[in-house]
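Please read the structure below before turning to the comments.
The values are calculated or read from the model by the stated rules, or taken from the named source; none is laboratory data. Quantities reported herein were computed from a predicted structural model and do not represent experimental measurements. Reconstructed Cβ throughout: ideal geometry from the backbone, glycine too, with neighbour counts over all protein chains shown.
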Amino acid sequence: MNNEAKTPLQLQKKLLKGLGFGFVEAPMASPSVTSVKPAGNRVNPAPTGRAKRSAPPPSNAPRPSVLPPLNSLPPLGEEEARAELEKLRAGITTCRACDLSVGRHHAVTGEGPVGATIFFLCEAPEEEDDRSGHVLQGKLGEMFWKIVAAMKLDREEVYRTLATRCRGIKGRVPRRSEVEACHPHLRREMEIIRPGMIVCLGEFALESLLPEEATKGMQRVRGKMLEYRGVPLMPTFGLDYMHRNPTKKRDAWRDLQVVMGHLGRK
Ligand code: SF4
């Protein structure tokens, strides 16, 4: 990746710096998942003003140490899934579990179908998302939909959401404690959507689902098919990072081609 970053820690520092997320040498949150082999889980899917990660973490129950595979959960009917999503969205839009809620215009909820082919997990709302309350607006949304088209996916088969739902003041960097505070929303969302595959776009997205993998740094884990609760998961660069480092788009595209191969869309 470079001449000076040789160890995983250096790589992680450099990558996070590139993402504009800063870096804290703190232990990552404990993992919430176990590796489970079986796949097939569908029921029916930077700004300026970077702040230091110095505030105390919000009060939040610890993650369960073991979670069952998504495809082992009781099936949800269409209506039930819709009702559960509504309940989840109401919970997100009124959530004040962390300091990111201070100054937000809207908490942004995920969008897309239950049983999505791919669940795209992005990092944090952009300014346009915060203003509109909808995910992936503005320039990053444009880039996202171009990627979806290039992957030969229909819009109707992709779910897109965020690891943290509120935009901090001046787009400040989410703290790890805030990613953790927001994780229960994401966990529930996945249990309702039950996607065929997950793509984590960016380090914080990966951190929310597989914190231990995220400690290795995106440069080391990207392109490798991982797993979250029985669902194949591909980590790659975040949209904002690609936007600011266009040369990284080629690497991300290679990762997404692995996903396409998995789906038989190549
Ligand atoms: S970022 Fe997540 S946890 Fe924090 S207030 Fe917003 S919805 Fe709640």
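Hey, does region 106-113 have a residue that's more than 16 Å from the ligand (Cβ to nearest atom) and under 23 Å from ILE198 (Cβ atoms)? For region 106-113, residues more than 16 Å from the ligand (Cβ to nearest atom) and under 23 Å from ILE198 (Cβ atoms): present. Kindly indicate the residue of region 78-118 that is part of a strand (DSSP E or B) and touching a Gly at 6+ places or on another chain (Cβ under 8 Å) and also surrounded by the fewest Cβ atoms within 10 Å (Cβ to Cβ) among those meeting that condition. Applying the filter and picking the extreme gives THR109. Between MET242, MET234, the distinction of being assigned to a helix (DSSP H, G or I), among the hydrophobic types (A, V, I, L, M, F, W, C) and at pLDDT 95 or above belongs to MET242 only.
In region 114-128, what residues are away from the ligand (no atom under 12 Å from the Cβ) and closer than 15 Å to LEU162 by Cα? Passing the criteria: ILE118, PHE119, PHE120, LEU121, CYS122, GLU126, GLU127, GLU128.
Residues in region 149-181 that are closer than 25 Å to LEU256 by Cβ and either surrounded by 19 or more Cβ atoms within 10 Å (Cβ to Cβ) or within 9 Å of the ligand (Cβ to nearest atom) (or both): MET151, LEU153, VAL158, TYR159, ARG160, THR161, LEU162, ALA163, THR164, ARG165, PRO174, VAL179.
When THR109 is tested against (1) at pLDDT below 95; (2) within 18 Å of ALA205 (Cα to Cα), just one condition goes unmet, and that condition is (1).
State whether the residues of region 189-204 include one that is in contact with a Lys or Arg (Cβ under 8 Å, 6 or more places away or on another chain), within 16 Å of the ligand (Cβ to nearest atom) and closer than 18 Å to VAL108 by Cβ. Within region 189-204 (the criterion being in contact with a Lys or Arg (Cβ under 8 Å, 6 or more places away or on another chain), within 16 Å of the ligand (Cβ to nearest atom) and closer than 18 Å to VAL108 by Cβ), the answer is yes, since at least one residue qualifies. Among the residues of region 181-212, those that are touching a Pro at 6+ places or on another chain (Cβ under 7 Å) and either part of a helix (DSSP H, G or I) or closer than 15 Å to THR164 by Cβ (or both) comprise ALA181, ILE193, CYS200, PHE204, LEU206, PRO211, GLU212. Among the residues making up region 74-105, those that are more than 12 Å from the ligand (Cβ to nearest atom) and out of contact with any helix residue (DSSP H, G or I) (no Cβ under 8 Å at 6 or more places or on another chain) are PRO74, PRO75, GLY77, GLU78, GLU79, GLU80, ARG82, ALA83, GLU86, LYS87.
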